[in-house]
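Working notes, beginning with the structure itself.
The values are calculated or read from the model by the stated rules, or taken from the named source; none is laboratory data. From a predicted model like this one, the values you see are computed outputs, not experimental measurements. Glycine gets a Cβ as well: all are built from the backbone with ideal geometry, and neighbour counts include every protein chain shown. Just the protein is used for accessible areas: all its heavy atoms, side chains included, with ligands, DNA and RNA removed. Shrake-Rupley method; radii C 1.70, N 1.55, O 1.52, S 1.80 Å.
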Amino acid sequence: MNGFSTLAHLKAACRDLPEADPGADEAARARQGQLTKPPGSLGRLEDMAVWLAGWQGREKPRLDRVEVIVFAGSHGITARGVSAFPAEVTAQMVANFSAGGAAINQLAHAAGAGLKVVPLSIDRPTVDFTGAPAMNEAAFLAAVSTGYAAVTPGTDLIALGEMGIGNTTAAAALAAALFGGTGADWAGRGTGVDDAGLQRKAAVIDAGLARHGERRADPLGLLAALGGRELAAIFGATLAARHHRIPVVLDGFVCTAAAAPLGRLHARGLAHAVAGHVSAEAGHRRLLEAVGLSPLLDLGMRLGEASGACVALTILHAAAACHAGMATFAEAGVSDG
């Protein structure tokens, strides 16, 4: 696919979503019932193994080709004092990713995953969404298309993350628009704003909601109006993964908010996704409940960069290893009762 040329094209792609392979799902469930353990004794590891198998189309899932994709974008709303860090930190951190000095570099290496960093016009911030849509249609479709193209068909699993000063404000505004509530309900401290900064953040979100209230019934329109290029790219990557039947691990609050419109556009839009963790950012747990995802980990993380998703990869490796490597009762000569 060369990209999405119109919103109608993108909406059609969001309606036409493949499901997991029912044969692989059934075979994986049957294998789980034959392994040398009491049924259900590995808890969510069993569920995750079957989930991986269904989306990969294999009785025994594998995680040989795992890629972490981090999208970076700049936000016009940073001029309103919604972050404890200046806007130029986005570009500086992208350089740090390239130099191998960030947390995600270490975590991806530890998880045996490849790392791809995709900056999206970080020298050109989006528009301040309190006065106009953050992205016009062309810019929005370009960002979604970039995210879509970043996913390599045949990958066993992808973990998604972001970098963008100001993007927890965009994510909170999007969550409030999609699921209801005010700026105060969804705003968190993000990079560590003080009480005054938190109040400014809530006010900015409320102003954005008032400005774009007419889009409430249009999830894609809300993503364009309140999001950022990196959020749009995460949405595109999540959509691409679904079309390619690649399971997805979502990172924190921003990443979950970016993927949420797909769940609003299709009842099972996020069936191929799992939440790697619940972050310490205010609103993330509530957002996960709204989109119907149960986090694998709760470590108090709030860094972004796909860091929590990357740590969760170790859980999925454990699930796949047990599922593929354990002996069945028959193979081990063990009585199954």
(request) Could you give me the percent of Cα pairs per 5 Å distance bin for region 261-337, shortest bin first, beginning at zero and ending with the bin that holds the maximum distance? (result) 3, 13, 18, 17, 15, 11, 8, 7, 6, 3, 0
(request) Report, to the nearest whole %, how much of the accessible area of region 213-303 belongs to carbon and sulfur atoms, 1.4 Å probe, protein only. (result) 47
(request) Evaluate the charge dipole of region 32-97 about its Cα centre and quote only its size in Debye, nearest 20, assuming +1 on the Cβ of each Lys and Arg and -1 on the Cβ of each Asp and Glu. (result) 140
(message) Rounded to the nearest 20 debye, what is the charge dipole size of region 138-282 about its Cα centre when +1 sits on each Lys and Arg Cβ and -1 on each Asp and Glu Cβ?
(response) 360
(request) With a bin width of 10 angstrom, please list the P(r) values of region 64-141 as percents of all Cα-Cα pairs, from the 0 bin to the one holding the largest distance. (result) 16, 40, 29, 14, 1
(message) With equal scatterers on the alpha carbons only and no solvent term, can you work out the Debye log10 of I(q)/I(0) for the chain at 0.06, 0.11, 0.15 1/Å?
(response) -0.20, -0.66, -1.16
(request) For the chain, give the magnitude of the charge dipole about the Cα centre (Cβ charges: +1 Lys/Arg, -1 Asp/Glu; no others), in debye to the nearest 20. (result) 280
(request) Note down the Stokes-Einstein diffusion coefficient of region 135-242 in µm²/s, whole number, using a Kirkwood radius over alpha carbon pairs, 4 °C, and 1.567 mPa s. (result) 89
(request) Towards the positive end of the charge dipole of the chain, with charges on Cβ (+1 Lys, Arg; -1 Asp, Glu), say which of Gly283, Leu239, Met326 has the farthest Cα. (result) Leu239
(message) Suppose all protein chains stay in the model; what accessible area per residue would a 1.4 Å probe give for the chain, in Å²?
(response) 38
(message) For a test of the definition: using alpha carbon positions, the gyration tensor, and the 1.5 limit on a/c, classify region 161-301 as rounded, prolate or oblate.
(response) oblate
(message) Can you tell me, using C-alpha contacts under 8 Å and at least 6 residues apart, the relative contact order of the chain as a whole percent?
(response) 24
(message) With θ taken as phi - 60° and the coefficients 6.51, -1.76 and 1.60, list the Karplus ³J(HN,Hα) couplings across region 280-292 in order, rounded to whole Hz; mark glycine and proline as x.
(response) 7, 5, 4, x, 5, 4, 4, 5, 4, 5, 5, 8, x
(message) Give me the one-decimal Kirkwood hydrodynamic radius in Å for region 255-302, with the sum taken over alpha-carbon pairs.
(response) 10.9
(message) Please give me the summed charge of the neighbours of Ala113: other residues whose Cβ is under 14 Å from its Cβ, Lys and Arg +1, Asp and Glu -1.
(response) -2
(message) With a 1.4 Å probe and all protein chains left in place, how much of the accessible area of region 92-151 comes from carbon and sulfur atoms, in whole percent?
(response) 56
(message) What does the charge count around Ala184 come to, taking other residues whose C-beta lies under 15 Å from its C-beta (Lys +1, Arg +1, Asp -1, Glu -1)?
(response) 0
(message) Please give me the summed charge of the neighbours of Gly304: other residues whose Cβ is under 12 Å from its Cβ, Lys and Arg +1, Asp and Glu -1.
(response) -4
(request) Round to the nearest 10 and give me the degree value, 0 to 90, for the angle of helix 137-149's Cα axis relative to the longest principal axis of the chain. (result) 20
(message) How many angstrom lie between the Cα centre of region 319-335 and the Cα centre of region 134-173?
(response) 40
